[in-house]
Amino acid sequence: MKNVKHAKCVKCGKIYEAVPNLTNCSCGGILDIVYDYSYIKGVLTKETLAARRDNSMWRYRELLPVEESTPNTPLRVGWSPLYQADTLARELGIARLYVKDDGINPTASLKDRASAMAVAKAQEAGAGVIACSSTGNAASSLAGNAAAAGLKTYIFVPSRAPKGKVAQLMTFGATVISVQGSYEDTFELSRQAIDKWGWYNRNAAINPYLSEGKKTVGLEIMEQLDWQVPDYIAISVGDGCTIAGLWKGLKDLYAIGFIDRLPRLISAQAAGCYPINRAIETGADWSPMEENTLADSIAVGVPRNADKALAAIRESNGLTVEVTDGEIMAAQKLLGRTCGVFGEPAGVTGAAGLKKLCGQGKIPADATVVSVVTGNGLKDVANAINACGEPISIPGDMELLLKAFAENGIVVE
Ligand SMILES: *Cc1c(COP(=O)(O)O)cnc(C)c1O
Ligand SMILES: [Zn+2]
């Protein structure tokens, strides 16, 4: 990889050769992939990108840690739409709002970006089996992307994982272990099994290549905005890999001169589980919390990538915000009604946080904001129905339709 120098521990600074099956540093710290930006500047220009037909995350190969000979993964991951959301911007009282809908990815979440990277690196490592533990989306995205590439998967999920995500896993032919316990218990069991059998490890914050896949969401946002930097980007946070990846992508673009400033990140967590935000707000080290929210994808009491996430929020002079399950459900409805975008609870938590900050007057009225929807609502229909209610239910009779409209105050224009 001519574009990659090495991997470096974010804790102790130790340098590692960027081999495909990198895990944590011997000190326990997480590794970060370090690029040769002067090389990349020589081979990648905005014009080359603009002319590129590849509408997937692999359009950014020069900024990704893969060998030139490694094929693109088969499913089309990335290049999700960035919608200008004028109605919602007006409702929130801000000048410009864009909604990045990452729920349209092949397995319907932003995790596909990391899983596609995991599949590419497993192939470089010559591995035929990949394993991970996950709150649900990393699991289903790994199972799907691996299935398409002909790799076998062992997947560990907590028993609370929503049915839609488990259905994806079973459909993609993964061997699925539903762990009767918390995400923490699930992670621990997967760690032991991976040690025992030597599977390629797609665990969040263990494999440093994953956030390099996730960073493509930041690269895309900037290219889709024609390199005009927004003031804020709001996103939900669980383990912290997503926000850290987003920040890495933005910093890459800054390093190669594609953008001339950096946005502030908005880290949105659930009020029932916010260890990363609590660390920012108190200035203390992070400490574990209970996993008390319906937003299952961000119910992470022991964040695996706290170091990188905290650094990203601090470096960006970011904002933190916690939202209740009620506010998350309201945001689900709001995004649906104003944008036609259907997000799962964790998927809309960034938008819920943005709405809360706007209500508190913390976002200037002239701000340009991007809100990332990280997962699709069809993954968790039970919570969507809880949030948005049941339809009018009547027999097929016109008289009863008129009566139901009258009773519900519906006036047809
Ligand atoms: C995983 C996930 C997140 C949070 O990503 P982390 O890397 O765990 O912080 C947010 N939303 C959805 C839908 C997810 O699946
Ligand atoms: Zn180290």
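Surface composition of the chain: carbon and sulfur make up 51 percent of the accessible area, probe 1.4 Å.
Calculated over the chain, the projected area of the Cα convex hull averaged across directions stands at 21.7 nm². All Cα-Cα separations within region 270-326 were binned at 10 Å from zero, giving a P(r) of 25, 57, 18, 0, each value a whole percent of the pairs. Classify region 256-393 from the C-alpha gyration tensor, please: rounded if a/c falls under 1.5, else prolate or oblate depending on whether a/b exceeds b/c. Oblate, because a/c is 1.5 or more while a/b does not exceed b/c. Qualifying GluC sites (Glu not before Pro) in region 1-101, where qualification requires a DSSP coil assignment and no more than 16 other C-beta atoms within 10 Å, comprise E17, E67, E68. Between region 23-75 and region 278-335, what is the C-alpha centre distance in whole Å? Cα centroid of region 23-75 versus Cα centroid of region 278-335: 28 Å apart. Per-residue surface analysis assigns D366 an accessible area of about 120 Å², computed on protein heavy atoms at 1.4 Å probe radius. By the compact-protein rule of thumb, 2.2 N^0.38 Å, the alpha-carbon radius of gyration of region 167-279 corresponds to a ratio of 1.31. Based on the Kirkwood approach, the hydrodynamic radius assigned to region 17-124 is 16.6 Å, with every pair of different Cα atoms included.
How large is the convex hull of the C-alpha atoms of region 235-279 per residue, in Å³? Don't skip to the end; give the middle numbers.
Numbers: hull volume 3.1 nm³, N = 45.
Dividing the Cα hull volume of region 235-279 by its residue count gives 68 Å³.
3J(HN,Hα) couplings calculated from phi for region 160-170 with the Karplus curve 6.51 cos²θ - 1.76 cosθ + 1.60 (θ = phi - 60°) are, in sequence order, 6, 3, x, 4, x, 6, 5, 4, 4, 4, 5 Hz; Gly and Pro show x. Each residue of region 295-301 is assigned a 3J(HN,Hα), and the resulting list reads 7, 4, 5, 10, 7, 10, x Hz, derived from the Karplus form 6.51 cos²θ - 1.76 cosθ + 1.60 (θ = phi - 60°), x at Gly and Pro.
With runs of 4+ DSSP H residues as the only contributors, calculate the mean residue ellipticity of the chain at 222 nm using -39,500 (n - 2.57) per run, divided by the residue total and rounded to the nearest 500. Mind showing how you got there, number by number?
Values: 16 runs with 161 residues, N = 413.
For the chain, the value works out to -11500 deg cm²/dmol.
If you count only protein heavy atoms with a 1.4 Å probe, what accessible area per residue comes out for the chain, rounded to a whole Å²?
On the way: 16540 Å² over 413 residues.
Result: 40 Å² of accessible area for each residue.
The packing ranking, built from the mean of other Cβ atoms within 10 Å per residue, places the peptides 306-312, 234-240, 174-180 in the order 234-240, 306-312, 174-180, highest first.
Region 345-377 and region 166-213 have Cα centres lying 30 Å from one another.
The values are calculated or read from the model by the stated rules, or taken from the named source; none is laboratory data. Source: prediction; values computed, not measured. Glycine gets a Cβ as well: all are built from the backbone with ideal geometry, and neighbour counts include every protein chain shown. Just the protein is used for accessible areas: all its heavy atoms, side chains included, with ligands, DNA and RNA removed. Shrake-Rupley method; radii C 1.70, N 1.55, O 1.52, S 1.80 Å.
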